[in-house]
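Following: one structure in structure tokens, then a few remarks.
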Amino acid sequence: MKKLFAMLMILFAAALGGAETQPQGFSARIIPTKAVNMADQFVGILPGRPPFFPKVSKAVCGEPFSVQVVFSGAEIKNGKVSLSGKISLTAPDGKKTELPLQDFTAKLSGDTRGVFLLPQNLQVSFDPPDPKGNYTFTLELTDRNASRTAMDSASVENVESVPAAPESEAMKKLADNYRAPCPENIVPAFRAYLKMIPAQKQKEKQNFNPLPQLAFFYFALKDNPQCVPAFAECFKKLHNEEKFLAALVLNFVSKDAAKNLNQNQRKAIAQQFPANPFAIEKAQAPWHLDICWAEFLIRGTKAPVMKVVNALSLARDGITIPEFKKIQQPTDEDKRKLVNQLTAMAAHWSIKSQAKSHPLVRFYIEAALVRKEIADPVTGAVAADAIAMKVKVTPPKK
């Protein structure tokens, strides 16, 4: 079994949850999870907003997950909390391993009555010859300021396999992955996607672009390298365009994944895509937004949401469709400005739509507005409108 303690890059996470929803006194929870957005949730949303804790109960060989610790009610002395503890791991054969936590002292930020994420987490994966069965993680966390210890436990079963959803459901589940991570659905979802391509082509015609859908598989495989071999086996059985699409994903997921391609396949991809099309630094076209949303739906992280928000500012250098139609001989610059406007409009619509289905989108944007992380006041006003939030906007100086 691979076990590694990791420290979050942040000093400490902001509080979540109000005092009315938290138990009295010092308490702690241990959370095995496949989620990769725990730190984003604690840093990126306001106190009082509910976090999403998808717990994992089963994991297959090589499938990474983390063991996180949250606590509340720690006594504060001189403005700081002071904690120590350990996580004990009991294997199916009864073998017990103690993993001490580093002593932790820090100043709290946010609502000190809320729930905090301990900035240490245990990265775990089962590997041969780990026996199959239940592995129990037991937490002992001591509040040294109050000389009180909280305990909790959780189990994860090392299993041979986790049944995948039927192809008809797999894509839908993968498109909501951050709420319930399901790496077992990557391959059946890809097969389902390939069957959808003819209808997508008929609908989009000359505007057919598979990259937004392929982005789901790119990000899912980036986070689940243990699934690359199964995806590569699927790739080997495909032909023509379907094979190229699978190759495109493998080529950019990792150097190891790209080894499944031959030289001619890699050369063909390099000619068409000299840079990674899934690595969107700044969203400047509507399909960029779709890739950002794919990343969010797989990972639940804040960064892709803010890239969509920042795309709202493109309207400052845009022209509307009626304005564009009045131009008798549009230049490339005119076309660029039209794309800017269309992208900004698409960003506004997509934020509004996603915020209704995914409260976490609204929570991220809400916190960014309250904390004045959005520099452009007009962009902030449009983002606030998209999530139906009232904010006071200072007009830009002329």
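Worth pointing out:
- Within the range 39-69, tally of residues that are under 12 Å from ALA154 (Cβ atoms) and of a type in the set (Val, Ile, Thr): 3
- Residue under evaluation TYR178, criteria (1) farther than 24 Å from ALA285 by Cα; (2) free of Cβ contacts under 8 Å to residues at least 60 places away in the same chain; (3) aromatic (Phe, Trp, Tyr), criterion not met: (2)
- Every residue from the range 361-386 that is surrounded by fewer than 20 Cβ atoms within 10 Å (Cβ to Cβ) and not in a helix (DSSP H, G or I): ARG371, LYS372, GLU373, ALA375, ASP376
- Screening TYR193, TYR178, TYR218 for residues that are part of a helix (DSSP H, G or I) and in contact with a Gly (Cβ under 8 Å, 6 or more places away or on another chain) leaves exactly one candidate, TYR178.
- In this structure, LYS96 does not satisfy being of a type in the set (Lys, Arg), at negative phi and either modelled with pLDDT under 95 or under 24 Å from the mean Cα position of the chain (by Cα) (or both).
- Evaluation of TRP349 against (1) closer than 29 Å to TYR178 by Cβ; (2) buried (at least 19 other Cβ atoms within 10 Å of the Cβ) (one fails), failing number: (2)
- Single residue of LEU174, LEU245, LEU221, LEU194 found to be in the same structural domain as ASN264 (by TED's automatic domain parsing) and touching an Asp or Glu at 6+ places or on another chain (Cβ under 9 Å): LEU194
- Residues of the range 44-64 satisfying the condition of being buried (at least 20 other Cβ atoms within 10 Å of the Cβ) and of a type in the set (A, V, I, L, M, F, W, C): ILE45, VAL56, ALA59
- One residue stands out among those in the range 172-194 that are closer than 22 Å to ASN209 by Cβ and of a type in the set (A, V, I, L, M, F, W, C): the one that is surrounded by the fewest Cβ atoms within 10 Å (Cβ to Cβ), which is ALA175.
- Among (1) charged (D, E, K, R); (2) buried (at least 18 other Cβ atoms within 10 Å of the Cβ); (3) modelled with pLDDT under 95 - the single one ARG144 does not satisfy: (3)
- Positions within the range 85-100 being surrounded by 13 or more Cβ atoms within 10 Å (Cβ to Cβ), closer than 15 Å to LEU122 by Cα and either not assigned by TED's automatic domain parsing to the domain that holds VAL124 or not charged (D, E, K, R) (or both), in sequence order: GLY85, ILE87, SER88, LEU89, THR90, LEU99
- For the range 90-109, a residue qualifies if it is within 19 Å of ASP143 (Cβ to Cβ), in contact with a Lys or Arg (Cβ under 7 Å, 6 or more places away or on another chain) and of a type outside the set (Lys, Arg), and the qualifying residues are PRO100, LEU101, THR105, ALA106.
- Annotation: of all residues in the range 298-336 being surrounded by 21 or more Cβ atoms within 10 Å (Cβ to Cβ) and of a type in the set (D, E, K, R), the one that is farthest from the chain's Cα centre (by Cα) is LYS307.
- Test: residue in the range 262-269 that is closer than 30 Å to PHE65 by Cβ and outside the structural domain of SER125 (by TED's automatic domain parsing): no
- Of all residues in the range 249-271, those that are under 28 Å from the mean Cα position of the chain (by Cα) and polar (S, T, N, Q) total 3.
- Residue match in the range 227-248 (condition: within 21 Å of the chain's Cα centre (by Cα), part of a helix (DSSP H, G or I) and free of Cβ contacts under 8 Å to residues at least 40 places away in the same chain): yes
- Summed over the range 130-158, the residues that are closer than 30 Å to SER82 by Cβ and out of contact with any Ser or Thr (no Cβ under 8 Å at 6 or more places or on another chain) give a count of 2.
- Given (1) at pLDDT 90 or above; (2) polar (S, T, N, Q); (3) surrounded by fewer than 16 Cβ atoms within 10 Å (Cβ to Cβ), number of the condition THR21 does not satisfy: (1)
The values are calculated or read from the model by the stated rules, or taken from the named source; none is laboratory data. Note that the coordinates shown come from a computational prediction; the quantities given were computed from them, not determined experimentally. Counting neighbours? That spans all protein chains shown, and the Cβs are built from the backbone with ideal geometry, glycine included.
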